[in-house]
Amino acid sequence: MVKTTSMSRRYAQVLVFVTSGAVLVLEILAGRLMAPYVGVSLETFTGIIGTVLAGIALGAAVGGRLADRYDPQRLIGPALMLGGVASWL
């Protein structure tokens, strides 16, 4: 028999809140970094937000497929680390 542990609801809520906040910080940082080169405009921030949303959609699609095949509890750590590395790149 395989023993499975489940993530508490509170821990999951905190994890989603913190990672969503990190994505928001990355969006603001991207706007600040792009401003000297392309200016601060609606188009600049629209492009940044669109890119971030496309990344979230792609991650949700790939993560959903992987969660159907493997235990999601074991995937959350590597998925967060991979997302962090991808953000740095």
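Of [x] 3, 14, 25, 25, 19, 11, 3, 0; [y] 3, 15, 22, 24, 20, 11, 4, 1, 0; [z] 2, 11, 18, 22, 17, 11, 8, 5, 3, 1, 1, 0, which is the value of P(r) over Cα pairs in 5 Å bins from 0, in percent derived from the coordinates here?
[z]
Let's test the formula: R0 of 35 Å, r as the Cβ-Cβ distance of Ala79 and Tyr37. What FRET efficiency results, to the nearest 0.05?
Numbers: r = 31 Å, r/R0 = 0.90.
For R0 = 35 Å, the calculated efficiency reads 0.65.
Which residue, chosen from Ala22, Gly77, Gly47, occupies the Cα position most advanced towards the positive end of the dipole of the chain, where the dipole is computed from +1 (Lys, Arg) and -1 (Asp, Glu) charges on Cβ about the Cα centre?
The residue sitting most towards the positive pole is Gly77.
Using 0.36 nm per residue, how much length does the chain from Val18 to Ser6 gain when fully extended, once their Cα-Cα distance is taken away?
Values: separation 12, 0.36 × 12 = 4.32 nm, distance 1.94 nm.
Value of the extension gain: 2.4 nm.
Where a number appears in this text, it was derived from the coordinates with a stated rule and is not lab data. Computed from a prediction, not measured in an experiment: that's the story for all the values here. Note that each Cβ is placed from the backbone with ideal geometry, even for glycine, and that neighbours are counted across all protein chains shown.
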